[in-house]
Amino acid sequence: MASPAVEVQPMPSASEALNQINEIVTRYCESQMFFTACNLGIFEQLAGGPASAAELGEWLRLHPEPCRRLLLGLTGMGLLQRDGDRFANSPVAAYLTLHAPVPMEPLCMWGSLFQRSWSCLDDAVREFGPRWQQAFGATADEAFANLYKDPAALRRFCGLMSAYSIPQGQVLADAFDFAPYSRVMDVAGGAGGMIIEIGRKHAHMRGIVMDLPPVCEIADEHIAAAGLSGRFVSRSADLFAGPYPAGADVITLGWVLHDWNDDNCRRILRNCYDALPSGGALLIVESVLHDDHSGTPFGVLMSLHMLVLCEPGARERTQAEYRTLLEETGFRMETLVRLPAPRDLLIARKP
């Protein structure tokens, strides 16, 4: 059976094509403006109130003219607001300061941590493998072993993960009915950002953050800071070797399965299955692709992100692919919920 023909769109004018392509090739410049502003402390400095380029230059030891150009670029991106020669943080940039309700400044680590690997995308596409060795001169295992040995770097990396997991947890806490359940466990839960938000929203819930010991120490600090020490704890366990801590009737897996190939996903899911009681719920929080492997721009991008960073076979998956993995490991998939956040929610259950 012949495939349906692809509809051919009319060719745009040269200027229209240039405008579109020019936007594509300069997007990394906007990312670099953001990274630079974070690195220089511009958003943090403006948290104290509006300032001119000259004032910021004096306070942050920057040349006033290039500082002014950077501020204008950030204004065009919607991160700053301008009144005459004075600049202030926009409402979005308020999240890029130290005392933000959800600190998102660690997102600038996309520059220092990931940009070099993405520069090797050509070879990743040719060879179907991660670029750690090519980009950093170390394997992924070596890079993460070094990370766990450096408390400051590990805390910084957990901040990057929390910048995603805290807002995602707020959305998840509203999207799923936790009323029939009593204890949630976040597998590879990092600093606990996602399930701490569940605990804030649902006062009856208790929780377990499961991760490696150095990460659990950071999770304990976040649990205490949220006032949840009486209800939430951290527990260390190996993602693949298991067994996982017992006692939870809901397990969350947020941005875990996309890191691994199908065989390793099955190992993780079997451990989840063994840790849950009959009737327990499994909440998979991932960017779920459409059946034709299209998806949101971020979801498609993240599938390439897995290519440059993770083992061959790691990827964003379709609902059908998740259904297969779940059924192979004993779960029954119930529904997909599209969330107003970077990741969606797949709900599965242990019969």
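The values are calculated or read from the model by the stated rules, or taken from the named source; none is laboratory data. Predicted model, so just to flag it, every value in this text is computed and none were measured. Backbone-built Cβ (ideal geometry, glycine too); neighbour counts: all protein chains shown. Heads up: the accessible areas ignore ligands, DNA and RNA and are worked out on the full protein's heavy atoms, side chains in. Shrake-Rupley method; radii C 1.70, N 1.55, O 1.52, S 1.80 Å.
Structure values in brief
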read-out: Unmet criterion (only one of (1) within 25 Å of Asn39 (Cα to Cα); (2) surrounded by fewer than 13 Cβ atoms within 10 Å (Cβ to Cβ)) for Phe128; value: (1)
read-out: Region 297-351, residues that are β-branched (Val, Ile, Thr), within 30 Å of Asp122 (Cβ to Cβ) and touching a strand residue (DSSP E or B) at 6+ places or on another chain (Cβ under 9 Å); value: Val300, Thr318
read-out: Residue match in region 28-48 (condition: surrounded by fewer than 11 Cβ atoms within 10 Å (Cβ to Cβ), modelled with pLDDT of 95 or more, under 28 Å from the mean Cα position of the chain (by Cα) and not aromatic (Phe, Trp, Tyr)); value: yes
read-out: Contacts under 6 angstrom Cβ, first residue in region 210-223 being without any contact (Cβ under 8 Å) to a residue 40 or more places away in the chain, partner open to solvent by less than 60 Å² (accessible area, probe 1.4 Å) and among the aromatic types (Phe, Trp, Tyr), 6 or more apart; value: Ile223/Phe232
read-out: Test: residue in region 94-102 that is of a type in the set (A, V, I, L, M), under 30 Å from Gln134 (Cβ atoms), modelled with pLDDT of 95 or more and within 30 Å of the chain's Cα centre (by Cα); value: no
read-out: Enumeration of residues in region 162-176 that are open to solvent by less than 70 Å² (accessible area, probe 1.4 Å) and not hydroxyl-bearing (Ser, Thr, Tyr); value: Ala163, Ile166, Pro167, Gln168, Gly169, Val171, Leu172, Ala173, Ala175, Phe176
read-out: Pairs where the first residue, in region 181-205, is without any contact (Cβ under 8 Å) to a residue 12 or more places away in the chain and the second is assigned to a helix (DSSP H, G or I) and open to solvent by 30 Å² or more (accessible area, probe 1.4 Å), C-beta under 9 Å, 6+ apart; value: none
read-out: Verdict on Arg86 being closer than 27 Å to Ser119 by Cα, among the charged types (D, E, K, R) and surrounded by fewer than 18 Cβ atoms within 10 Å (Cβ to Cβ); value: no
read-out: Residue tally, condition aliphatic (A, V, I, L, M), open to solvent by 60 Å² or more (accessible area, probe 1.4 Å) and closer than 21 Å to Pro180 by Cα, over region 200-231; value: 1
read-out: Filter result for the condition that a residue is under 18 Å from Glu286 (Cα atoms), in a helix (DSSP H, G or I) and not hydroxyl-bearing (Ser, Thr, Tyr), over Ala224, Ala173; value: Ala173
